[in-house]
Structures are given as C-alpha cells and as structure tokens.
C-alpha cells in the first residue's frame, strides 16, 4: 500500500476499462489521480467511485485528438496541484474489422493516428516539459504494435508508440524522467467487447491465428493496471526505455 503516496498521476482514457482500473488502483495506493477522457458523464462516474472509496481525484474532459487539449490539460493539473509525477497514456481507439495493409482506409488511418499516436505524443510533450527528476511516463501500446497482429492502421499507431517510448527515454535519461511502455494482448474491456465478429477481415484474422494462441486467456483491466502501477512507482526506478509484452504468453 501507499506505493504512490503524495504523487500526482494523470491517466488518459480514464473513463472505462484499463484507465478506470488504473485510476482506482493508483488512488488506493495514495496518488492524487487526474482522469481524462472525452465522455464526461462516464468520467464523472469513475471519479465518484474513487471518491466514495476515499481517494483523491479530479476529472477533466479532454480530447487528445485536438492539438490544444493536452496542453490545456497539463496546465490545469499544474495550476491545481503544482506538479505532474506520473503520466499514463492509455487513451486509444480501434478500427473496425482488422483491415490489412492492402485494404485499410485513409479515413481509419487518419482517425486512429490522430488519437493513438499524435494524441499520445502531444500528452508526452505537454507533461514532460512540466516534469522533474523521478517522474514516470508509461505508455499503453499493444502486442499488435510489437508483433504486427492487428489491422494495419492500428498496428502502425501502436508501433509508433513503441518507437517514441524509446526516444523519450533517451531524451530524458539525464534528467531522471523515465518512459516505458506495455504491450497488452487482448483485454476484456467495453471497447474490445463491442467488436463485431462478422466485420473482421477473415484473411487477417487467419494470419493472426498462426502467430499467436488465440485460446490463451485474455487480460482483465486489473491485470494491466497492476503492471502500470509497478512502472509508475519508484520500485521500477532503474527501468526506462523498456517495452513489456503482457499477454499471458499468447504470442510466444
């Protein structure tokens, strides 16, 4: 307990799934959590649950696909709490259908990259300029970006997160600001549960099944949150620039 005592943690995509589980866990470990997402009603619901459990939380409606929103978010956190110790870049969107490289649409690519890649990078830019030694950035990438198993647009956005994680770790190593990423496999969340089986590209789905064990149990949001807690805490202070696959061994 109290592994994040007196730390201020910003968690994007904090209104459901991994983000909500992470916010609740971080708050239970003593952090002041700032949760952000586009859907304000769902965000306030999670904030109320954290408050009822005795945690400290601030909900700020933010759309990281808008260039100005991440800067506004981080400045609001600084004005309220005076520091940012932890940033968890969890917000992200999926495409429908696992469209492969020969079938992806430009519309999907633009929409996904704007949130998954550009939004994450904007949050890192805005937060890192306000962070001090001992701070930790943790990015939620995906096994899709690590292994290529997914739709082309989504894969490209998550592979970009892996690359920029290493870049950021290198950039701030001398200042004592860490940056790591996790690559979860399938996670049981509202976003993944809403995928329609009949919309999946069968060629891509078949290719994925030859490179991973699709019968392996999926991650629950709490499984991912526990790993995020370790990387956010001082227990992992010797780790930076690392990419961790968290999929119960499905991709081995």
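Counting only alpha carbon atoms, the long axis of helix 152-172 and the longest principal axis of the chain meet at about 30°. Between 0 and 90 degrees, the angle of helix 40-52 with respect to the longest Cα principal axis of the chain falls at about 50 degrees. Here the contact order of the chain, divided by its residue count and restricted to Cα pairs under 8 Å and six or more residues apart, works out to 21 percent. Just to confirm the number: angle between the C-alpha axis of helix 69-81 and the first principal axis of the chain, 0 to 90 degrees, nearest 10? Once rounded, the angle reads 30 degrees. When 81, 172 are sorted by how many other C-beta atoms sit within 10 angstrom of their C-beta, beginning with the fewest, the order is 81, 172. Give me the log10 of I(q) over I(0) for the chain at q = 0.08, 0.10, 0.16 Å⁻¹, as the Debye formula computes it from C-alpha points; what are the numbers? Listed by q, the Debye log ratios stand at -0.28, -0.44, -1.16.
Helical runs (DSSP H, four residues minimum) scored at -39500 (n - 2.57) apiece and divided by the length of the chain put the mean residue ellipticity at 222 nm at -12500 deg cm²/dmol.
Here the residues 136, 142, ranked from fewest to most Cβ neighbours within 10 Å of their Cβ, fall in the order 136, 142. Just checking the listed ones, 175, 242, 75: in the Gaussian network model of the chain with Cα springs under 10 Å, the one fluctuating most is 175. Measuring from a point 7 Å past the Cα of residue 167 along Cα-to-C-beta, which residues in region 129-148 have an amide N at less than 20 Å? Zone members listed by number: 129-131, 136-148. Computed extension length for residue 81-residue 61: 5.5 nm, one decimal, from 0.36 nm per residue of separation with the Cα-Cα distance subtracted. Ranked for footprinting exposure by Cβ neighbours inside 10 Å, fewest first, 4, 170, 252 give 252, 170, 4. A protection proxy built from the mean count of other Cβ atoms within 10 Å ranks the segments 25-34, 83-92, most packed first, as 83-92, 25-34.
Packing, taken as the mean count of other beta carbons within 10 Å per residue, orders the peptides 16-23, 156-163 from highest to lowest as 16-23, 156-163.
Every read-out reported here was derived from the displayed coordinates using simple, explicitly stated rules and does not represent laboratory data. Because the structure is predicted, anything quoted here is derived from the model rather than measured. Note that we place each Cβ from the backbone using ideal geometry, even for glycine, and neighbour counts take in every protein chain shown.
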